[in-house]
Structure formats: structure tokens, C-alpha cells
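Since the structure comes first, as C-alpha cells, the remarks are kept for the end.
The values are calculated or read from the model by the stated rules, or taken from the named source; none is laboratory data. The shown structure was predicted, so the numbers you read here are calculated from the model rather than taken from an experiment. Methodologically, a virtual Cβ is constructed for each residue, glycine included, from the backbone with ideal geometry; neighbour enumeration extends over all protein chains shown.
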Amino acid sequence: MDTAICTDDGHTYTAVEFSSLTALQLERKRRHLVCEACGFPAFFRKASRSGRGACFGARPHEDGCVLAAADNEIRLPGVGDDQDEAFNPGDRIVVELAFGGQGGEVHLDQNERGPRRPRGGRYIGEGGPRAAQMHRRLSTLLRMLVTAPNFRYSDQLIAVNDQPELLARDFFVHLSNVTPQYTGQFRGYWGQLTDARDGTDGVLWLNSGGRAEMSFCLPLEHKQEIMERFRLDEEEDFSGSYILVLGTLQVSRNGKMFCVIDDPAVVSLR
Ligand SMILES: [Zn+2]
């Protein structure tokens with residue numbers, strides 16, 4: 001998008017104009033951007049050291065937004081590649097938290113079968129239909145969340161280590177839907193980031209909007225590994241990126257919702 005509206009001051013900015021704001025103004029206003037056409041939240045990304053120009057993007061647009069097509073060409077090359085994937089109720093997805101290496105991450109184990117389950121997914125011993133069991137990496141799950149609209153609303157069971165298994169529609173929580181009621185809940189929190197900001201003790205805060213929105217706390221000891229793994233040259237590259245973190249929501253004493261990325265294996269970015 002060439003322009004975006006800042007709801008903080010009601011002004012319509014070009015990316016160049018927005019770049020010329022003071023650091024303090026930019027930091028505040030970038031969390032209050034919306035698409036001119038659909039009004040959905042937008043993000044701003046500064047010009048990069050490698051020469052990419054400053055730009056706006058949506059997080060994402062409303063379905064059918066007239067400005068969506070151009071954005072999608074830039075940001076979502078994978079759109080549509082999961083449209084035909086079937087999401088069968090009761091299928092069980094075992095989340096693989098190990099990473100490293102790229103190829104072969106999507107496979108269906110035809111011979112591997114989960115416990116017998118009724119349609120609702122509860123274990124009933126012998127009898128009911130056998131559910132398929134699949135193994136999926138975080139990167140694949142994030143791709144499905146972004147590109148396959150039905151996946152996040154599906155009744156597939158999500159199995160993560162020794163956590164209680166939940167249906168996909170309960171397990172994955174979009175960042176715009178996070179409320180304090182999720183405090184203490186282990187979930188797959190996902191959505192798009194507005195910006196990254198240095199905190200105390202070398203911590204990097206990955207924000208999804210203003211103070212009222214959830215943020216992720218990336219500790220110093222994992223920062224370099226994560227930036228290298230997802231090929232981020234600079235902290236500005238977090239702006240507009242999709243993120244999926246498996247973790248537990250916390251709320252600070254002054255009401256800020258956040259989740260600590262305490263292990264590089266629990267995060268994926270795209
Ligand atoms: Zn839009």
C-alpha cells in the first residue's frame with residue numbers, strides 16, 4: 001500500500017512522509033495504522049539497509065478489500081496453496097517442535113493411526129472411526145493459518161508435547177482476539193507484528209499493536225538464533241511479519257498482555 005491512515009491523528013500518510021516522523025512519533029503512530037479502503041489494521045516497515053523502500057502493508061485486509069491484491073502479491077506468495085487441503089474433524093496433528101533443515105516437512109503418515117475417536121474427538125476406546133495422525137512443523141502450521149482460511153476454524157486435534165489436546169479452533173488464537181481471559185493458557189498465539197522494540201536487559205519486544213494488544217518477549221539469549229533462522233537482517237524486518245508462538249499468556253502488573261519466547265523451538269515467522 002502506498003498510503004495508510006493513522007487513527008492516532010486521523011492523517012493519511014505516504015510511506016515517505018511516515019518515515020520522516022521523529023522516532024518517538026513513529027514508534028507510537030505505527031501501532032495505530034489502518035488500511036484506507038477496509039479499515040483493517042496495517043503496519044509500517046522502514047526502508048532497509050539493503051535498499052528496500054519504506055512501505056505499508058495490511059495485517060491483513062478484510063476479505064475482498066480492493067487494496068488486498070497488490071499487497072498479497074508482495075507478501076503472501078503462498079496464498080491458495082492449501083485451499084484443497086482437507087481438514088477432517090478428529091484428525092490429530094502432532095506438532096513437531098524440532099527444527100533444522102527445510103525439505104520434507106509436510107507428510108501424512110498413512111500407517112500411523114491415532115486412537116479411535118468419535119466425531120467430537122474424545123477418546124472412546126475401541127469402536128468409532130479411526131482418525132488420521134499427521135506430524136506438522138510450526139512453519140507448516142503458520143503457513144496453514146495464513147493461507148488456508150478454514151484451518152484455524154477446524155476440529156482437528158492439536159497435540160503439543162504433554163499439553164492437553166485442543167481443537168485447532170480453540171488452540172490457535174489470533175493476536176486480535178487475545179484477551180486477559182487467556183492468562184495462564186497454553187495456546188498457539190499467531191498474527192502479524194507491527195514492530196520490534198528494544199527493552200531492558202537486551203530483551204526485544206515484538207508488538208502486535210498498541211499497549212492494549214499482546215506482545216511477545218524475545219530474550220537476548222535467543223534473539224540472534226531466531227533472527228538468523230528466519231533470515232531477518234535487522235529488527236525492522238519483524239514489522240509486518242507473521243508470527244506463531246506456542247506459549248502461555250501472562251499479564252503484567254500494569255495490565256500488559258505478553259508471552260515469553262522461552263525456547264527458540266516454539267516460534268515460527270514468515
Ligand atoms: Zn484493506
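Within the set of pairs 6 or more residues apart or between chains, which connect a residue that is in contact (Cβ under 8 Å) with a residue 60 or more places away in the chain and within 26 Å of T147 (Cα to Cα) inside the range 47-63 to a residue that is near the ligand (Cβ under 10 Å from one of its atoms) and in a strand (DSSP E or B) with Cβ atoms less than 9 Å apart?
Every condition considered, the pairs that remain are G57/A4; G57/A42; R59/P41; R59/A42; P60/P41.
Take R187 and decide whether it is in contact with a helix residue (DSSP H, G or I) (Cβ under 7 Å, 6 or more places away or on another chain) and assigned to a helix (DSSP H, G or I).
No; evaluated as a whole, the condition is false for this residue.
Let's see how each residue does on (1) within 15 Å of the ligand (Cβ to nearest atom); (2) touching a residue at least 24 places away in the same chain (Cβ under 8 Å); (3) in the same structural domain as S215 (by TED's automatic domain parsing):
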residue: V16; (1), (2), (3): no, yes, no
residue: S20; (1), (2), (3): no, no, no
residue: E36; (1), (2), (3): yes, yes, no
residue: F40; (1), (2), (3): yes, yes, no
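Search the range 143-179 for residues being under 24 Å from F43 (Cα atoms) and assigned to a loop (DSSP other than H, G, I, E, B), and hand back the single one that is modelled with the lowest pLDDT.
Among residues in the range 143-179 that are under 24 Å from F43 (Cα atoms) and assigned to a loop (DSSP other than H, G, I, E, B), the one modelled with the lowest pLDDT is P149.
Quickly run through the range 42-68 and pick out the residues that are aliphatic (A, V, I, L, M) and near the ligand (Cβ under 10 Å from one of its atoms).
Passing the criteria: A42, A58, V66, L67, A68.
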